[in-house]
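Remarks on the structure that follows.
The values are calculated or read from the model by the stated rules, or taken from the named source; none is laboratory data. None of the values given here were measured: they were computed from a predicted structure. In this analysis, Cβ positions are derived from the backbone assuming ideal geometry, glycine residues included, and neighbour counts consider all displayed protein chains.
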Amino acid sequence: MLQDCWDNLRQKVIHHLNLLAGYETQPVLRGEVVVYRTFGRSNPAKSTAISLYSITRADENTGFGKLSREASLRNGKKTKHDGVETTTYDVVFYLEADFGTPGAIAVKNRGRREFLLKSVTLEVSENRSVHFDCNSWVYPIIKTNVDRLFFANTSYLPSQTPAALQSLRQEELANLRGNGRGERKEWERIYDYDRYNDLGDPDKGLHHERPILGGTRSYPYPRRCRTGRPLSNQADENAWMSDEEFGREMLAGLNPAVIRCLERFPPVGRGGKVSSITASHIEKNLEGLSADQAVELRRIFILDHHDYIMQYLRRINEQGVCVYASRTLLFLRHDQTLKPLAIELSLPGDGKGAEINRVFLPASQGGERALWQLAKTHVAVNDSGHHQLISHWLHTHAAVEPFIIATRRQLSAMHPIYKLLDPHFKDTMHINSLARSVLLNAGGILEMTMFPGKFALEMSSAIYRNWRFREQALPLDLLKRGIALEDPGEPSGVRLRFEDYPYAIDGLDVWVAIKTWVTNYCAYFYPDDRSVASDVEIQSWWHEVRTIGHGDKRNDEDGCWLPLDSVANLSQTLTTLIWIASALHASLNFGQFAYAGYPPNRPTRCRKFIPHEGTPEFAEYLRDPDKYFLEMVPDRFTTTLGLALIEVLSGHTADEVYLGQRASSEWTDDSHVLHMFQQFGDDLRKVEKRIEERNGNRGLKNRWGPAQVPYTLLYPDTSNLGAEKGVTGRGIPNSVSI
Ligand code: FE2
């Protein structure tokens, strides 16, 4: 009632003001506005204004039809028909004498919520009305910034449009087309085109990846309406073959602990043999530095698969594959990304120790570009073999097994170190046994799919010669590869030369968490160094590891082992072992499907060499480089077999127990130990937060490369109690269990 009184009073005041302003002789145009639906307590009568555009008289300044003053809605009457409630409002316009006939209306919603406007009907004379059939949501002006325009229900061809409406007609169309930019909001009415690039969602896992439809010969498709939302992570389907991704995967990929800082240029191999890569090959890409200056500044890196493959290469290729030994040089740019500089591919030459070297340089166009892509593919073949046989199998699965045997044989189940280590041995013996029977065995899957063939395990044996347990500690590994400097002020004892090295920076966080837990645990049970030296079980255990389990490394001239004569050395040794069994293995194992699940990115062997100019093969290659590439990488059978393997290996089981978890909460009755273990879990959760923060920092380019896969392989996943299983691409299980 009070509202009605107020509305009447307001209308009277407006009427009198119009009289005072001299509008008394001007036409009054009445109409009704029908609103279908409103939200909650929103009331269009309080917040909506309508203006009219003349169809017969143009505004000289704007070119649009002359615009009336605003009129508000009043006297809302609700009706209900077939369950649908509508409200009909009156509206009155006081027009200038020569306003003419309205042809469009502008509706301004000053409220907070949208409403569904059904129609506006204006009585322009006794026998004639103009109808605006709207049937459209009118959103608040604070969101849209422009009035909502509706034309009367009269149709005109463009050329027949009344002059006063032509500009409005064109502007409305331009608004509807948009400018191809920005993200669409629900209140916008922009109709733009896009490809089907938003069907996949690799963030949710590999099973959510889908190809982009439309715009390619492979996947023709009708276009969809563009939303402008961030694209599916596959927006660039060729990202895997870019130089950026090639370099990034050496820091955040499947085999991230091979790259090292080049200490002198040019590289020198076994027996003093100098690489064929010269300064003139690389200096144009060194941001103005000479090769020597770049080395001095520690900005040239090398992915070196040369020496150890060369020893076997003649025999490997005699099995019918076409493989090179490779060296790849890369430059650390100011944005901490790695730019490939040159690839050297080598084959055995005539005569003992002779080599035939070819150097390939980055190229972005034509035949040179295609050759460069072939060279990168041959490097990927080397790296995928090294990953599976050396980094993954030898350095984690095989290296841990002797520790398990020695633990079972020499430490009582009531020994505190037995209790510390036991969860880190879960399922390892079983999976290793299985691997030996179907993967690593003669004629097994690895020999069938990986380039070294029957020389696979033999080659890994040659590399074991240089394996040192002590250097498997992440800080030492980084020092050795020239990636970090000693820094006693850092919790890990080292400082990275560049921080956007996802494997290293996440790994150091995890390393410090493990080290803190193990150090506290050891200090709790061993009051001093003497108590370590006099622990007969732990000394027998260590003796057996070094002289039997890893007995081929028993001659310790090269510093393979730490003497187990202090609490500090015991802590460092156990931390290294737990690091290998948990984080190192996780970083090498659970990304296999993500990075190698697309075979062209990481083929496992090659069937063709790179052709030489002037040869029939080169002509064949020039005719169809894509065909040549497909004939170079493994055949369908080998590829399918390899894919099936890595999909199985990449999956977490439902009974996985992650770092910071135990299968039973009653694994010890010692409340202080349980408290320390709780702290370990808290530390790992802090690590998870830091990893999330880094992944949210788009300035760290190596975490999200052009393929838009974030680095999560060292994300501990402490809250995963097994419910999230399968290929998750993250999570650090306690043990080498797959
Ligand atoms: Fe594994």
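Quick check on segment 718-737. Is at least one of its residues of a type in the set (Ser, Thr, Tyr), at pLDDT 90 or above and either within 16 Å of the ligand (Cβ to nearest atom) or out of contact with any Lys or Arg (no Cβ under 6 Å at 6 or more places or on another chain) (or both)? I'd like the intermediate steps shown before the answer.
Keep residues of segment 718-737 that are of a type in the set (Ser, Thr, Tyr), which gives 718-719, 728, 735, 737.
Narrowing further to those that are at pLDDT 90 or above: 735, 737.
Going one step further and asking which of them are either within 16 Å of the ligand (Cβ to nearest atom) or out of contact with any Lys or Arg (no Cβ under 6 Å at 6 or more places or on another chain) (or both), we end up with 735, 737.
Yes, the conditions are met somewhere in segment 718-737.
Yes or no, residue by residue, for (1) of a type in the set (Asp, Glu); (2) touching a residue at least 12 places away in the same chain (Cβ under 8 Å); (3) away from the ligand (no atom under 16 Å from the Cβ); (4) not assigned by TED's automatic domain parsing to the domain that holds Lys339:
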{"position": "Thr653", "(1), (2), (3), (4)": "no, yes, no, yes"}
{"position": "Tyr658", "(1), (2), (3), (4)": "no, yes, no, yes"}
{"position": "Gln661", "(1), (2), (3), (4)": "no, yes, yes, yes"}
{"position": "Ser664", "(1), (2), (3), (4)": "no, no, yes, yes"}
{"position": "Gln678", "(1), (2), (3), (4)": "no, no, yes, yes"}
{"position": "Arg690", "(1), (2), (3), (4)": "no, yes, yes, yes"}
{"position": "Tyr711", "(1), (2), (3), (4)": "no, yes, yes, yes"}
{"position": "Tyr715", "(1), (2), (3), (4)": "no, yes, yes, yes"}
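Pick from Leu674, Leu684: which is away from the ligand (no atom under 16 Å from the Cβ), assigned to a helix (DSSP H, G or I) and more than 26 Å from the chain's Cα centre (by Cα)? It would help to see each step written out before you state the result.
Working: Leu684 fails: more than 26 Å from the chain's Cα centre (by Cα).
So the residue among Leu674, Leu684 that is away from the ligand (no atom under 16 Å from the Cβ), assigned to a helix (DSSP H, G or I) and more than 26 Å from the chain's Cα centre (by Cα) is Leu674.
Looking at (1) of a type in the set (Asp, Glu); (2) at pLDDT below 95; (3) buried (at least 20 other Cβ atoms within 10 Å of the Cβ), find the lone condition where Asp350 falls short.
Result: Asp350 fails condition (3) only.
Looking only at segment 441-456, which residues are within 16 Å of the ligand (Cβ to nearest atom) and assigned to a helix (DSSP H, G or I)? Step through it out loud before you land on a result.
Of segment 441-456, the ones within 16 Å of the ligand (Cβ to nearest atom) are 444-446, 449-450, 456.
Hits for segment 441-456 are Ile445, Leu446, Thr449, Ala456.
With of a type in the set (S, T, N, Q) and surrounded by fewer than 22 Cβ atoms within 10 Å (Cβ to Cβ) as the only criterion, which of Thr328, Thr377 stands out?
Only one candidate qualifies: Thr377.
Considering only segment 84-93, how many residues are closer than 17 Å to Val124 by Cβ and surrounded by fewer than 20 Cβ atoms within 10 Å (Cβ to Cβ)?
Here is the first cut: in segment 84-93, the residues closer than 17 Å to Val124 by Cβ are 90-93.
So of that shortlist, the ones also surrounded by fewer than 20 Cβ atoms within 10 Å (Cβ to Cβ) come out as 90, 92.
Residues meeting the conditions: 2.
State yes or no: is Val438 more than 13 Å from the ligand (Cβ to nearest atom), surrounded by fewer than 20 Cβ atoms within 10 Å (Cβ to Cβ) and farther than 29 Å from Val648 by Cα?
On the way: more than 13 Å from the ligand (Cβ to nearest atom): yes; surrounded by fewer than 20 Cβ atoms within 10 Å (Cβ to Cβ): yes; farther than 29 Å from Val648 by Cα: no.
No: the conditions fail for Val438.
Could you list, in sequence order, all residues of segment 608-627 that are within 34 Å of the chain's Cα centre (by Cα) and touching a residue at least 60 places away in the same chain (Cβ under 8 Å)?
At the first step, the residues of segment 608-627 found to be within 34 Å of the chain's Cα centre (by Cα) are 608-610, 621, 624-627.
Answer for segment 608-627, where residues must be within 34 Å of the chain's Cα centre (by Cα) and touching a residue at least 60 places away in the same chain (Cβ under 8 Å): Lys608, Phe609, Ile610, Tyr621, Pro625.
Does segment 46-71 hold any residues that are closer than 17 Å to Val92 by Cα and surrounded by fewer than 21 Cβ atoms within 10 Å (Cβ to Cβ), and which are they?
To start, the set of residues in segment 46-71 that are closer than 17 Å to Val92 by Cα comprises 46-54, 67-71.
Lys46, Ser47, Ala49, Ser51, Leu67, Ser68, Arg69, Glu70, listed by residue number.
Out of Asp528, Asp506, Asp487, I need the residue that is farther than 20 Å from Thr573 by Cβ and free of Cβ contacts under 8 Å to residues at least 60 places away in the same chain. Which one? I'd like the intermediate steps shown before the answer.
Working: Asp528 fails: farther than 20 Å from Thr573 by Cβ; Asp506 fails: free of Cβ contacts under 8 Å to residues at least 60 places away in the same chain.
When all the criteria are applied, what remains is Asp487.
A quick yes/no check of all residues on (1) surrounded by fewer than 20 Cβ atoms within 10 Å (Cβ to Cβ); (2) within 16 Å of the ligand (Cβ to nearest atom); (3) in a helix (DSSP H, G or I):
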| position | (1), (2), (3) |
| --- | --- |
| Asn569 | yes, no, yes |
| Thr573 | no, no, yes |
| Ile580 | no, yes, yes |
| Phe629 | yes, no, yes |
| Thr638 | yes, no, yes |
| Glu647 | yes, yes, yes |
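Note down all Cβ pairs under 8 Å where the first residue falls in segment 545-560 and is acidic (Asp, Glu), the second is surrounded by fewer than 19 Cβ atoms within 10 Å (Cβ to Cβ), and they're at least six residues apart or on different chains.
Asp552/Tyr464; Asp558/Arg468
From the list Leu570, Leu584, which residue is within 19 Å of Leu394 (Cα to Cα) and assigned by TED's automatic domain parsing to the domain that holds His395?
Within the list Leu570, Leu584, the selection yields Leu584.
Going through Pro527, Pro475, Pro488, Pro452 one at a time, which residue ends up being over 27 Å from Gly731 (Cβ atoms), touching an Asp or Glu at 6+ places or on another chain (Cβ under 9 Å) and either of a type outside the set (A, V, I, L, M) or surrounded by fewer than 20 Cβ atoms within 10 Å (Cβ to Cβ) (or both)?
Values: Pro527 fails: touching an Asp or Glu at 6+ places or on another chain (Cβ under 9 Å); Pro475 fails: over 27 Å from Gly731 (Cβ atoms); Pro488 fails: touching an Asp or Glu at 6+ places or on another chain (Cβ under 9 Å).
One residue alone meets the criteria, Pro452.
Of the conditions (1) more than 16 Å from the ligand (Cβ to nearest atom); (2) within 32 Å of the chain's Cα centre (by Cα); (3) assigned to a helix (DSSP H, G or I); (4) modelled with pLDDT under 90, Pro634 satisfies every one except a single condition; which number is it?
For Pro634, the failing item is (3).
Need a quick list: strands (runs of 3 or more DSSP E) entirely within segment 99-166 having at least 1 residues that are of a type in the set (S, T, N, Q).
Fully inside segment 99-166 and qualifying: 102-109, 115-125, 128-138.
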